[in-house]
Amino acid sequence: MCGIVAAAARREVSEILLEGLRRLEYRGYDSAGMALIDNERNLQLHKQQGKVSELEKAQQLRPVLGCTGIAHTRWATHGEPSAVNAHPHISDQRVALVHNGIIENHQLLRAELLAQGYQFSSATDTEVVVHLLHRELAAGRSLLEAMQSTVGRLEGAYALAAIDTAHPEQVVAARRGSPLVVGVGIGENFLASDQLALRQVTDRFIFLEEGDVVLLSPSELQVFDSAGAPVERTRTSISEAVEVVELGAYDHYMLKEIHEQPRALAATFAQAAGREQLDECFGPGATEVFDRVQGVQIVACGTSFHAGMVARYWLEELAGIPCEVEVASEFRYRKRVGHEGTLLVTISQSGETADTLAALRNAGEGEFIGSLVVSNVANSSLVRESELVFLTQAGMEIGVASTKAFTTQLVGLLMLTMALGRRHAMSPEKQLEITRALQALPDYVRQTLALDGAIERLSDAFIPRHHALFLGRGIHYPIAMEGALKLKEISYIHAEAYPAGELKHGPLALVDNDMPVVAVAPGDELLEKVKSNLEEVRSRGAELFVFADQQAGFVSEPRVKVLSMPHCPEVIKPIVYTVALQLLSYHVALQKGTDVDKPRNLAKSVTVE
Ligand code: AGP
């Protein structure tokens, strides 16, 4: 989704801005731009539709140089992807501004500014902000004052950064609802929507808080809270080595990330090693909170929501703890009735998903006994704002389609089930059994990865299709949902998942010889029921693809293709089967020639609602 990079330095910063944008590319975007103040105090601008490489080409042809600048990658919300709608937006050739988020009252503000003679060149919600800022500056306010009064007019979510030729050394920025971090340099300062963009220039960061406005120059760094009072925000040193993410021998990050799962799963579970209590993996204070848990409310989006759905089965079946799961965009706006002793668990790979963050923030006073986030990104907003934290050890995930982040979330949630379960219905024997299963998990995943060739052969049948049905029962229903989401995300084939028992209540009408049906049928106690459901499908002429335990008694026959999965402990089957479905989607997408790592219209980190 949109990315911001800004710099106030005494050296030329165009290459720093471009490198920052390159580091944010994986998040998904459709256009890019940058503006700098040159040494004649003029604004210099490049905006391009498409990749950052287009911006680089424009920069090679006509270099724009300066020591103060802002840059942006845009993921279209208001107005089509185009160079005109790309940021920065300009007012009066004087002020340039970039924005992440959505300004909800932009129509009202646009009408007001039009009436005052301002002209608009884009269809974006953002352009109102640059004109508002200009209006304040033209009225004689300082850059800081102008931003403070501008944000007072905005409704919605924003991270903003702006420059003004009348204040050529300064960058002003503000955040509400979208992340922004200051990179503290020596004799220079930087700003970005994600610290990753700035690791090239510093390892010292200030994560801005809601409502903060910040003024940067090479020699000054002043932060003001939403009331306009100067504040000192904590400086954080992120000194661990910058994670170098390279493709290596793989054609795509998604494939690489699928193959990294044995390591990532082992590293995630290894956090329990040597600890007296599993509770310690969830941060200081976990024991005190866990002792009071009577129920769990999980909130998440997309793939992370599917992880939550799997966790509900574990928490209720293995731990005997009531659990509700809801997508964040619904949860946040719903009137809710709280249950005593409920722990709020958010799940988010990025830790920045706007709806999940809003759900955490609008949890009512006393509604929950505490909040826990399962995330892959230390220092993300959800991590900073939650009381308890479980960090998955997936390593950076570049592919927009989540793979290793999902399976490591499942490991974290199974560990949570054990930590809570020992206080409820889970026996020590059961805990030992799960521990052993988790220890063996990387090996079962390796065995599944070895089925790559067989899965690739299955994928051929999906290429000419426009639809696919995924079926699962029990805990494997969310796994079918995740399989369907992966297929639609990266191959653009419409795929839906159903609990197999729901077939004859509607979806069976869709089934014919043009509808491939994928069954997640690991061979648990629901096996016989799944087999009956599959007969219903087969007798309507559909081609069946059954992912089944090698001991479940399924054999391939005409129009039924069986992928024999490793025989592994029940509790980890959702994780193991996910890996096979990830490979299926990957091979279908590969053959269809889609942009596997950056599927159209999608972003890695969804920071707008
Ligand atoms: C996963 O493949 C998707 N790209 C998407 O559904 C994702 O899981 C969702 O946007 C939530 O993201 P988060 O885990 O970073 O909160």
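Ignoring ligands, DNA and RNA, please state the percent of accessible area on the chain from carbon and sulfur, probe 1.4 Å.
Working: 11200 of 23180 Å².
Reported share for carbon and sulfur atoms: 48 percent.
At an R0 of 30 angstrom, the distance between the Cβ atoms of residue 559 and residue 525 translates into a FRET efficiency of 0.65.
Could you work out the mean projected area of the convex hull around the alpha carbons of region 375-458, in square nanometres to one decimal? Please report the intermediate quantities before stating the final value.
Working: hull surface 30.8 nm².
Answer in nm², one decimal: 7.7.
Give the relative contact order (percent, whole number) for the chain; include only Cα pairs under 8 Å separated by 6+ residues. 12 percent. Shown in residue order for region 563-568 are the 3J(HN,Hα) couplings computed by the Karplus curve 6.51 cos²θ - 1.76 cosθ + 1.60 at θ = phi - 60°: 9, 7, 8, x, 6, 9 Hz (x for Gly and Pro).
Taking the Cβ of residue 320 as the centre, find all other residues whose Cβ is under 14 Å away and add up their charges (Lys, Arg: +1; Asp, Glu: -1). The partial results should precede the final answer.
Working: positive: 312, 422, 423, 430; negative: 316, 317.
Summing Lys/Arg as +1 and Asp/Glu as -1 gives +2.
Label zone (residue 466, point 7 Å along Cα-to-C-beta; backbone nitrogen cut-off 11 Å) within region 490-517: 494. Contact order, relative form, for region 451-599: 30 percent (alpha carbon pairs under 8 Å, 6 or more residues apart, mean separation divided by residue count). Computed packing ranks the peptides 69-80, 583-594 as 69-80, 583-594, most packed first, by mean other Cβ atoms within 10 Å.
If a/c stays under 1.5 just call it rounded; otherwise compare a/b with b/c (prolate if a/b is bigger, oblate if not). Do that for region 344-396, with a ≥ b ≥ c from the square roots of the Cα gyration tensor eigenvalues.
Values: a/c = 2.58, a/b = 1.74, b/c = 1.48.
In terms of gyration-tensor shape, prolate.
Taken as Cα centroids, region 420-484 and region 45-61 sit 43 Å apart, rounded to the nearest whole angstrom.
Residue 108 to residue 237: extension gain in nm, 0.36 nm per residue of separation minus the Cα-Cα distance? Don't skip to the answer; put the middle values down first.
Values: separation 129, 0.36 × 129 = 46.44 nm, distance 4.20 nm.
Extra length from residue 108 to residue 237 when fully extended: 42.2 nm.
Here region 435-568 is described by how far its Cα atoms reach on the three principal axes: 43, 30, 26 Å, from widest to narrowest. Our helix-only sum for the chain, with -39,500 (n - 2.57) per DSSP H run of n ≥ 4 divided by its residues, gives a mean residue ellipticity at 222 nm of -10000 deg cm²/dmol.
Relative contact order for region 20-155: 21 percent, from Cα pairs under 8 Å spaced at least 6 residues apart, divided by residue count.
Solvent-free Debye calculation, one equal scatterer per alpha-carbon of the chain: log10 I(q)/I(0) at 0.07, 0.08, 0.10 Å⁻¹ equals -0.46, -0.60, -0.90.
I'd like to check one number: the per residue accessible area of the chain, probe 1.4 Å, reported in Å² as a whole number.
Numbers: 23180 Å² over 609 residues.
Accessible area per residue, the chain: 38 Å².
Just add up the charged neighbours of residue 503: K/R +1, D/E -1, any other residue whose Cβ is under 14 Å from the Cβ of residue 503. With Lys, Arg at +1 and Asp, Glu at -1, the neighbours total +1. What is the distance in Å between the Cα centres of region 586-604 and region 165-234? One Cα centre to the other: 35 Å.
From most to least packed by mean Cβ count within 10 Å, the peptides 222-233, 551-562, 413-424 give 413-424, 551-562, 222-233. Computed over region 170-238, the Cα gyration tensor eigenvalues convert (square root of 5λ each) into semi-axes of 18, 13, 10 Å, ordered from largest to smallest.
Computed packing ranks the peptides 534-547, 147-160 as 147-160, 534-547, most packed first, by mean other Cβ atoms within 10 Å. Between amide H atoms placed 1.01 Å from N, distances below 5 Å from residue 325 occur with 298, all of them 5 or more places distant or on a separate chain.
Could you tally the net charge around residue 85, taking each other residue with its Cβ under 13 Å from the Cβ of residue 85, Lys/Arg +1 and Asp/Glu -1? Could you put the intermediate results ahead of the total?
On the way: positive: 47, 74; negative: 30, 80, 125, 127.
Computed value for this residue: -2.
In debye to the nearest 20, how big a dipole does the chain give about its Cα centre with +1 on each Lys and Arg Cβ and -1 on each Asp and Glu Cβ? Let's see the in-between values first.
On the way: 56 positive and 77 negative charges, 133 e Å.
Roughly 640 debye for the chain.
A simple spin-label model places the labels of residue 149 and residue 600 4.6 nm from each other, with each point 7 Å out along Cα-to-Cβ.
The values are calculated or read from the model by the stated rules, or taken from the named source; none is laboratory data. Bear in mind the structure is a predicted one, so any value in this text is a computation, not a measurement. A quick note on method: Cβ atoms are made from the backbone with ideal geometry, for glycine too, and the neighbour counts reach across all protein chains shown. Keep in mind that these areas ignore ligands, DNA and RNA; they rest on the heavy atoms of the full protein, side chains included. Shrake-Rupley method; radii C 1.70, N 1.55, O 1.52, S 1.80 Å.
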